[in-house]
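The values are calculated or read from the model by the stated rules, or taken from the named source; none is laboratory data. Fair warning: this is a prediction, and the values are worked out from it, not measured in the lab. Reconstructed Cβ throughout: ideal geometry from the backbone, glycine too, with neighbour counts over all protein chains shown.
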Amino acid sequence: MVMEGKGRKHRQIFLAPEIIAALKEWKQYRNGDNGALFCKIIKNGTIIENKLSPSGLDYLLTSLQALSGVEKFTPHDLRRTFITQLLEKGVDLNTVRQLAGHSDVSTTTRYDKRDVEWQKEASRGIRFS
């Protein structure tokens, strides 16, 4: 359950088994369920129970991007990728809208980044009897 997401809304989210396993491991590392799930870690590795701020998340992502050599991306890019990949897998637009937490489907469609090649391939799938 996401507590106080955007617009102070609560919503239920579903996670892949791999994500659940990683979160359980993280919770053991940070000693349990108390406090925010994602919190600050200072340079010596000590965990501080304050929740991770948006600027802290940005710093963390920038550091991980530099270490891994991947192209720069933002948390919002991850959201766009999530939505686009669901649509590419054939998940219907209303379900994607719900998973994204959008109240209006037109918001969800703005995140769809499928390219022209995807559209061409989709058109090739149409068969006439």
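Assorted remarks:
- Residue-level check: of (1) touching a Cys at 6+ places or on another chain (Cβ under 9 Å); (2) within 30 Å of Ser123 (Cβ to Cβ), Glu49 misses just (2).
- For Thr46, the conditions (1) under 20 Å from Pro75 (Cα atoms); (2) among the β-branched types (Val, Ile, Thr); (3) loosely packed, with under 11 Cβ neighbours inside 10 Å all hold with the exception of (1).
- Scanning region 86-105 for residues that are touching a Gly at 6+ places or on another chain (Cβ under 7 Å) and either farther than 22 Å from His10 by Cα or part of a helix (DSSP H, G or I) (or both) gives no hits.
- Among the residues making up region 42-63, those that are in a loop (DSSP other than H, G, I, E, B) and of a type outside the set (Gly, Ala, Ser) are Ile42, Lys43, Asn44, Thr46, Leu52.
- Failed item in (1) in contact with a Leu (Cβ under 8 Å, 6 or more places away or on another chain); (2) farther than 28 Å from Gly45 by Cα, with Leu60 passing the rest: (2)
- Under the condition of being exposed (fewer than 12 other Cβ atoms within 10 Å of the Cβ) and of a type outside the set (A, V, I, L, M), the residues counted in region 76-94 number 5.
- Residue check, Leu99 modelled with pLDDT of 85 or more and surrounded by 10 or more Cβ atoms within 10 Å (Cβ to Cβ): yes
- Sub-8 Å Cβ pairs linking a first residue in region 28-47 that is at positive phi and without any contact (Cβ under 8 Å) to a residue 60 or more places away in the chain to a second residue that is among the aliphatic types (A, V, I, L, M) and surrounded by 13 or more Cβ atoms within 10 Å (Cβ to Cβ), at least 6 apart or interchain, are Asn31/Ile47, ordered by first then second residue.
- Residues in region 106-118 that are assigned to a helix (DSSP H, G or I) and modelled with pLDDT of 90 or more: Ser106, Thr107, Thr108, Thr109.
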